[in-house]
Amino acid sequence: MTHRRRCGKPNCRCADGEALHESTVLSYSEGGRTRFVMLPAAEVAAVRAAVERYAAARATLEASGEAGRAALIARLAARRRER
Ligand SMILES: [Zn+2]
């Protein structure tokens, strides 16, 4: 979520590649392209919390998907043994 970058201005402190600008960004995918939106400091905490909720919900969903798949594979294997 933290981006370090050069702004491109030749006289800026970031031009030597040492003191880069840091900004907090939210990266997201839209139409298969990765995009970034710069977050104002006042939004960072709320967005970070939302991203954590999303990650937790996604992990739960993936775990239930894997459990379902494991159950399916076990069921199919059992059926194969019955023949
Ligand atoms: Zn700069």
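The values are calculated or read from the model by the stated rules, or taken from the named source; none is laboratory data. What you see is a predicted model; the values in this text were computed from it and never measured. As a convention, Cβ positions derive from the backbone with ideal geometry for all residues, glycine included, and neighbour counts pool all protein chains shown.
Put simply, of Arg13, Arg35 the only residue that is away from the ligand (no atom under 16 Å from the Cβ), of a type in the set (Lys, Arg) and either modelled with pLDDT under 85 or surrounded by 11 or more Cβ atoms within 10 Å (Cβ to Cβ) (or both) is Arg35. The conditions of being within 16 Å of the ligand (Cβ to nearest atom), touching a residue at least 24 places away in the same chain (Cβ under 8 Å) and at negative phi are met by His3. Give the residues of the range 17-32 that are more than 10 Å from the ligand (Cβ to nearest atom) and over 19 Å from the mean Cα position of the chain (by Cα), sorted by residue number. Residues satisfying the conditions are Gly17, Glu18.
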